[in-house]
Each structure stands twice: as C-alpha cells, then as structure tokens.
1. Could you give every pair whose Cβ atoms fall below 8 Å, whose first residue belongs to segment 117-140 and is over 19 Å from S28 (Cβ atoms), and whose second residue is buried (at least 19 other Cβ atoms within 10 Å of the Cβ), counting only separations of at least 6 or pairs across chains?
2. Would you confirm whether any residue within segment 74-87 is at pLDDT 95 or above and aromatic (F, W, Y)?
3. Taking into account only those residues within segment 1-17 that are part of a helix (DSSP H, G or I) and within 13 Å of the chain's Cα centre (by Cα), which is farthest from S95 (Cα to Cα)?
4. Test F71 against the criterion of being over 12 Å from F3 (Cβ atoms), modelled with pLDDT of 95 or more, touching a helix residue (DSSP H, G or I) at 6+ places or on another chain (Cβ under 8 Å) and not in a helix (DSSP H, G or I), and give yes or no.
5. Looking at L50, is it modelled with pLDDT of 95 or more, in a helix (DSSP H, G or I), surrounded by 19 or more Cβ atoms within 10 Å (Cβ to Cβ) and of a type outside the set (F, W, Y)?
6. State yes or no: is L109 modelled with pLDDT of 95 or more, surrounded by fewer than 19 Cβ atoms within 10 Å (Cβ to Cβ), in contact with a Cys (Cβ under 6 Å, 6 or more places away or on another chain) and among the hydrophobic types (A, V, I, L, M, F, W, C)?
7. Within the bounds of segment 98-113, is there any residue that is within 13 Å of the chain's Cα centre (by Cα) and part of a loop (DSSP other than H, G, I, E, B)?
Amino acid sequence: MQFEETVDIAAPAEKIFALYADVGAWASWDPDVKESSIEGAFVSGSTGTLLPAKGPRAKILFTDVTYNRSFAVESKLPLCVMRFDHEVSEMPGGSKTRVVHRVSFNGFLSPLFGRVIGSQIQKGLPHTLQGLKRAAEQNG
C-alpha cells in the first residue's frame with residue numbers, strides 16, 4: 001500500500017534539502033509533526049524519534065540519504081514497516097524543484113496499517129508539502 005504527493009517549489013534543491021537535514025525543526029513547516037530529532041548526522045543509518053501530531057512517539061531510521069536528491073525514514077510497526085520517501089529533483093531551467101513525498105507500508109499487517117494510519121497520512125501530505133514549499137520559498 002502506497003500514497004504519494006508532489007509539489008513544485010521555486011527554490012533550489014540545496015535549500016529544500018537543508019530543511020530536511022534540520023530534523024529538529026521539521027515541526028516548523030510540517031503540521032503533522034509535533035517534535036522530531038536525530039542522533040548524529042543526517043546520513044544513512046542515523047536514528048531518531050518523531051512525535052506525530054496524532055499518535056505515539058516513534059523511533060525512526062534514516063536510510064538511503066543522498067544529499068540534494070533523496071532520503072527515506074523508516075519506522076517499525078507490529079509486523080509492518082512504514083517508509084517515508086522524499087525525492088527532490090531540479091526541473092529544467094533550474095528555477096523550480098519538484099518534490100515527491102511517498103509513504104508505503106510493507107509487511108504482513110500492511111493492509112491494516114495502510115487503512116488505519118495511511119488514510120490520515122494521505123490527508124496530511126498536501127499540507128506537509130505546502131508547509132515545505134512556504135519554508136523553502138521564503139527569503140528568496
């Protein structure tokens with residue numbers, strides 16, 4: 001089960017990725033995050049925590065971090081892994097960057113978590129991307 005949302009942002013990939021790398025400030029642009037943290041650097045293999053606006057605090061694992069291109073965050077649920085993929089790609093002309101956020105559920109209980117948690121996440125994705133867009137486009 002998978003959900004995806006896309007937005008075009010008038011800012012370079014580096015500026016958008018800097019917002020991602022500042023994990024402790026995610027709540028400033030993502031209305032679905034109350035609190036987030038990372039232990040160590042923003043690199044593959046780092047761990048952290050995320051407290052969503054609705055739901056319990058979760059341990060997160062940063063995977064596949066490729067600066068100015070993409071990263072993923074995984075969280076283990078009972079018999080399921082929830083994965084948030086974030087992709088950044090500059091559009092032709094260089095004045096805009098396309099951002100894709102994708103959420104997937106994998107494992108035995110993925111259909112259940114996809115319905116229960118996924119539907120809430122799907123509703124929030126457009127608001128998250130609009131918050132990222134505002135943050136990246138402010139101050140030029």
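1. Partner pairs satisfying both residue conditions: I117/M82; I117/F105; G118/V103; G118/F105; I121/D32; I121/V103; Q122/V103.
2. For segment 74-87, residues at pLDDT 95 or above and aromatic (F, W, Y): present.
3. Among those residues, the one meeting the criterion is F17.
4. Judged against the criteria, F71 is a match.
5. no
6. Yes.
7. Checking segment 98-113: not a single residue is within 13 Å of the chain's Cα centre (by Cα) and part of a loop (DSSP other than H, G, I, E, B).
The values are calculated or read from the model by the stated rules, or taken from the named source; none is laboratory data. Because the structure is predicted, anything quoted here is derived from the model rather than measured. Note that we place each Cβ from the backbone using ideal geometry, even for glycine, and neighbour counts take in every protein chain shown.
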